[in-house]
Amino acid sequence: MSGNERHTLEIRGLEAAVEGKQILFGVDLTVSSGEVHAVMGPNGAGKSTLSAVLMGRPGYQVLGGTVTLDGVDLLALPTWQRAAAGLHLIMQYPTEVPGVKLDDVLAEALVSRGRSANGLENLLRAEAARIGLNPDLLHRALNVDLSGGEKKRNETLQLAVLEPKFAILDELDSGLDIDALRDCARRVEAASNAGLGVLAITHYSRLFEELKPDMVHILVKGRVVASGSPELVDELERDGYAKYLGPEAEEAAPTKRSSLDDLFAL
Amino acid sequence: MTPDLASAIPGPDWLTERRVGAAQRAAAQPMPQADEEIWRYSRIEELDLQRFVFSPGAVVVTGNADCESELLESDPVAPAPDVFAEWNAALSEPIVLRTRRGQVIEAPIVLEHSVAEGQATFPRLVIHAAADSEITVVERFRSDGSGAAFVAPVVEVHAGQSARVKYLAINELGNDVWQVAHQLAWADRDSSVSLSTVALGGDYARVRTEAVATGQGSSTKQTALYFADGTQMHDFRTIQSHVAPRTQSNLLFKGAVKDTARSVYTGLIRIGHEAKGAAAFQTNRNLTLSEGAWAESVPNLDIETNDVRCSHASTVGPIDPEQRFYLESRGVSPEIAERLIVLGFFDEVLEQLPLPAMAAQLRARVAAKLDGVAASVAGAVA
């Protein structure tokens, strides 16, 4: 994550399906070191599919397109080698792994990157203090019995320790209280200032109060329909996604209220 | 195996009489068949006892100086749940450990059994823990060289009022050895008994473990870690029996099968009408690490009173792909991810074993087995 090196993550024409149903219809995005790209979109736009496909989560099929990191074809690599190559995923719902301790996993993760696990304990303690994670959790089973906030602090701590070239934040802000959100967003912002490229996938804009995007992309129905400057975030905050949903969505929008809504309208 | 063998073993007349009686009952019984419920899923029909020659076996005992004893005519006689336990009663020369009232034996007593090719052995350990005493015993079963052998060990635990007894059996037998083992424990008032098993070895290795809470306020715990690979089979039959009020039993059995290995767990919680306020918990979890591996888990309840707390949980399945993906997304290779997850799975049992130092050693054995290193090689470097 040295500020001197410049890396490029390039997504070209990415098409993907889940359980035989196509979700992504040709996504194009390019992220360089030190940049923060926001990917925003309504529910069902394909945001989680995008993060899953980039990391190689089982159950997703790539139908077309390419993803490269400095020209290396990431889609041809198994998940662990994508991570070792410098791609990191902060999960929306971090998986509980009973009996497997955070420090043991990070030690193995460092070794697979050709880095030494010596000094990991000190690094973990320093990052835990910085991110506001209870240091007792460093030696406990991954995500087991953690609160939503602790899970995301833990995810952010792993990002900080592993120092990837690019991070995908899949709804980092979901399930997070205001303090935890600020601490996590600030840590990612600091990493970005030190050279980390960020793809921040989210439904809401509150993440961007601390993590400043350089570019905003709007994902609708598996395509990037608009890209622009950070002001786009404010526009979405004000006007919502309606403008980008197209005529089909307007047709599909409810034209009459249900009886329950009528009751509340009284 | 014949009754003549039983009468030839030296001992007082009352004991010889008991031995011969057991031998006659054993000789009169047919060999078990897999269509009997208690032998269901087993490989018992493959066993040919005639292949083996009776041997008194070889055992080294350390740490027992304070409580070495002998059988007494007045000691309770343990029942023999099957023909192998009956042969054990007939042919064993038991090691008897007897604590004094209030005696606390801090260091574990260790029995190291060595089973040689072609032998049939029937080791027996009897623990009499007097009131308010404390004792920990580890029994380790290993093979002396390679080759087929048969071992049918029995351990009897009699825990007196408020006594604390911990027992751990470690099966590191060779891959051609058959084992049919029995663990029998009776927990008197306010006592606690823990029966643990770590099974790594054997061709077919069965343990029937029965813990009976006989005195009110007593508690029993049964734990096991089992890991079979190649063509091994591990077979567990567990009984948590409550016959007194306010008794508690906990059971945690965790196993893994790899290659074409198999495992069976059948567990029974039995709560008698006199066991009001009893609490019984049973958990059996199994990981199938290969397509060709097979595990069965069958929990059963037999409850005769309403005033009980009871739960059982049982699972069989491969490693959760989400857990695997999570570790791989951190940059951990699939092989190491699997190793971490399986060791993490077993840690819950290892952490509950009576001896932390031994737990670390056993964890290393499990890791070596996961990596496909032969048990004998791992044994040599440990």
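Things to note:
- Accessible area (Å², 1.4 Å probe, nearest 10) - A:Tyr60: 70 Å²
- Cβ-Cβ FRET estimate between B:Asp176 and B:Trp14, R0 fixed at 30 Å, reported to 0.05: 0.20
- Applying a threshold of 19 Å to the alpha-carbon distances of A:Lys101/A:Lys151; A:Lys101/B:Lys166; A:Lys47/A:Lys221; A:Lys21/A:Lys47 flags A:Lys101/B:Lys166 as lying beyond it.
- Surface accessible to a 1.4 Å probe, per residue, for the residues of the protein assembly as shown, Å²: 42 Å²
- Folded to 0 to 90 degrees: helix A:120-131 orientation relative to chain A principal axis, Cα: 40 degrees
- Seen from A:Leu181, the other residues with C-beta closer than 9 Å to its C-beta sum to a net charge of -3, counting Lys and Arg as +1 and Asp and Glu as -1.
- Theoretical ellipticity at 222 nm over chain A - DSSP helices of four or more residues, -39500 (n - 2.57) apiece, nearest 500: -11000 deg cm²/dmol
- Placing +1 on the Cβ of every Lys and Arg and -1 on the Cβ of every Asp and Glu, with no other charges, gives region B:3-318 a dipole of roughly 880 debye about its Cα centre.
- Legend: mean number of C-beta atoms from other chains within 10 angstrom of residue C-beta atoms, peptide A:78-84, equals 6.
- In a simple Cβ point-charge model (Lys, Arg +1; Asp, Glu -1; nothing else charged), the protein assembly as shown has a dipole of about 360 debye relative to its Cα centre.
- With Cα atoms, 0 to 90° folded angle of helix A:102-112 axis to chain A main axis: 80 degrees
- Seen against the Cα atoms of chain A and their longest principal axis, helix A:148-162 is set at about 50 degrees.
- Here region B:3-318 is treated as an ellipsoid with the same Cα gyration tensor; its semi-axes, largest first and in whole Å, are 27, 27, 18.
- GNM top mover of B:Gly331, B:Gly160, B:Gly174 - chain B, alpha-carbon springs below 10 Å: B:Gly331
- Check: chain A dipole with +1 on Lys, Arg Cβ and -1 on Asp, Glu Cβ, in debye: 420 debye
- Interatomic Cα distance distribution for chain A, bins of 10 angstrom, percent: 7, 28, 35, 21, 7, 2, 0
- Pairwise label distance in nanometres, B:Glu68 with A:Arg186, each label 7 Å out on the Cα-Cβ vector: 6.9 nm
- By accessible area with a 1.4 Å probe, ligands and nucleic acids excluded, highest first: order of A:Lys152, B:Lys276: B:Lys276, A:Lys152
- Here region B:3-318 exposes an accessible surface that is 47 percent carbon and sulfur, computed with a 1.4 Å probe and the other protein chains kept in place.
- A convex hull fitted to the Cα coordinates of region A:1-113 yields 124 cubic angstrom per residue.
- Gain on full stretching of the segment that runs from B:Cys310 to B:Ser290 - 0.36 nm per residue minus C-alpha separation: 3.9 nm
- A versus B: buried accessible surface, summed, Å² (probe 1.4 Å, to nearest 100): 2000 Å²
- Among A:Lys101, A:Lys151, A:Lys221, residue whose mean-square fluctuation peaks in a GNM of chain A (springs only between Cα atoms under 10 Å): A:Lys101
- Among B:Ser74, B:Ser146, B:Ser314, the residue with the largest mean-square fluctuation in a Gaussian network model of chain B, with springs joining Cα atoms closer than 10 Å, is B:Ser74.
- Value of relative contact order over chain B, rounded to a whole percent, pairs C-alpha under 8 Å and six or more apart: 9 percent
- When nucleic acids and ligands are ignored and a 1.4 Å probe is applied, B:Asp307 ends up with an accessible area of around 90 Å².
- Coordinate range along principal axes, alpha carbons of region B:23-149, Å, largest first: 46, 34, 26
- Accessible heavy-atom area order of B:Met358, B:Met233, A:Met215, highest first, probe of 1.4 Å: A:Met215, B:Met358, B:Met233
- Ellipsoid semi-axes for the protein assembly as shown, based on the Cα gyration tensor and the rule √(5λ), read 60, 26, 23 Å when sorted largest first.
The values are calculated or read from the model by the stated rules, or taken from the named source; none is laboratory data. Keep in mind that what you see is a predicted model, and the values were worked out from it rather than measured. Reconstructed Cβ throughout: ideal geometry from the backbone, glycine too, with neighbour counts over all protein chains shown. Surface areas here come from the heavy atoms of the whole protein model, side chains and all, with no ligands, DNA or RNA. Shrake-Rupley method; radii C 1.70, N 1.55, O 1.52, S 1.80 Å.
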